[in-house]
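Notes follow the structure.
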Amino acid sequence: MGFPFQEADRVIRAALTEDIGPGDVTTLSTVPEKTRATAFLVAKEDLRLAGLRGFTRVFELLDPCGVTFTLHKKDGDEVLSGETILEAEGPARILLTGERVALNLLQRLCGIATMTSKWVKELEGTGAKLADTRKTTPGFRALEKYAVRVGGGVNHRFGLFDGVLIKENHIRASGSITNAVKSARQSAHHLLKIEVEVTNLDELREALFAGADAVLLDNMDLPTMAEAVAIAKGKALVEASGGMSLPRLREVAETGVDIISAGALTHSAPASDLSLLFKTGN
């Protein structure tokens with residue numbers, strides 16, 4: 001569950017450049033250079049903490065030795081509204097200039113982890129795993145998939161390079177499920193799994209006969225999904241996807257699918273509410 005430091009630095013540097021430009025004119029014009037401050041990062045709602053290392057990294061990139069942190073929580077912790085997550089002490093200008101970028105990043109990742117943890121809890125006892133998709137914010141994929149893991153979910157393929165997923169348009173372009181699976185099997189190396197998206201039981205049977213390692217049941221109703229699981233049992237891993245929401249999550253899991261994937265975890269998670277509250281020093 002390691003934090004993606006390299007990807008985080010790339011995102012943070014770009015965000016700081018975007019936000020600061022040639023200089024933070026408000027802070028530079030109102031805050032004396034030698035002013036120091038203590039800031040408290042406080043949760044304004046209950047949340048699952050994810051991305052704390054990214055938050056502190058913002059200030060490190062602005063001033064490598066200027067800000068010190070006292071951590072009261074860590075990634076993966078359940079934080080209650082009103083609790084203090086960390087204290088930061090250092091130059092007031094650095095704390096003020098980095099505040100928004102740091103909060104934006106942390107609020108985004110906490111929102112994903114919080115939503116994921118709620119969905120994972122709904123699946124307890126079913127045996128189904130909750131997975132993300134590639135429906136991520138451009139440039140933020142590693143960070144957002146990290147937040148899903150912190151929330152208790154699992155990652156689907158990271159990109160187009162680490163797994164074969166034959167979808168509707170691939171099938172149309174290649175002529176049939178059978179053609180697509182055969183071509184993929186000939187081209188892909190032996191460590192790459194081949195998954196096929198199917199929308200009905202005939203397509204499911206064709207995918208299984210062609211030798212798919214996994215099938216993705218796309219927008220199937222519950223009775224059809226249950227029948228598909230019975231047909232594919234022992235032959236291929238079964239994933240369900242399409243229109244997933246918290247209210248229907250458990251009934252989908254109870255059809256016996258192995259994985260439920262949901263783009264909503266990364267494209268629709270609301271940002272968590274956090275504040276950085278300042279106390280000035282000398």
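The values are calculated or read from the model by the stated rules, or taken from the named source; none is laboratory data. Just so you know, these numbers come straight off a predicted model, no measurement behind them. Glycine gets a Cβ as well: all are built from the backbone with ideal geometry, and neighbour counts include every protein chain shown. These accessible areas exclude ligands, DNA and RNA; they are computed on the full protein's heavy atoms, side chains included. Shrake-Rupley method; radii C 1.70, N 1.55, O 1.52, S 1.80 Å.
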Helix axis angle, 222-232 relative to the chain longest principal axis, alpha carbon, degrees
70 degrees
Tell me, what is the percent relative contact order of the chain, built from C-alpha pairs under 8 Å that lie six or more residues apart?
24 percent
What residue among T70, T136, T114 has the largest mean-square fluctuation in a Gaussian network model of the chain, using Cα springs under 10 Å?
T70
Which pairs break 22 Å Cα to Cα here: K135/K235; K118/K233; K74/K121?
K135/K235; K118/K233
Could you give the nm distance between label points at K235 and R172, where each point is 7 Å from its Cα heading toward the beta carbon?
2.6 nm
Where the accessible area of the chain is counted over protein heavy atoms with a 1.4 Å probe, how much of it, in %, is carbon and sulfur?
53 percent
Within the chain, percent of DSSP bridges classed antiparallel, to nearest 5:
55 percent
Excluding ligands, DNA and RNA, what is the solvent-accessible area per residue of the stretch 216-282 at a probe of 1.4 Å, expressed in Å²?
47 Å²
In degrees, nearest ten, helix 92-122 long axis to first principal axis of the chain (Cα)
30 degrees
Candidates L130, L165, L109: whichever shows maximal mean-square fluctuation once the chain is modelled as a Gaussian network with Cα springs under 10 Å
L165
Which of these values of Kirkwood radius over Cα pairs in Å was calculated from the structure shown: [x] 18.4; [y] 20.9; [z] 19.8?
[y]
Cβ-derived FRET efficiency at R0 35 Å, L191 paired with F40, nearest 0.05:
0.15
Pulled fully out, how much extra length does the chain show between N155 and S29, if you take 0.36 nm times their separation in residues and subtract their Cα-Cα distance?
40.8 nm
So how tilted is helix 201-210 from the main axis of the chain? Cα-based, degrees 0 to 90, rounded to 10.
90 degrees
Reduced to Cα centres, the span from the stretch 11-70 to the stretch 226-282 in Å works out to 31 Å
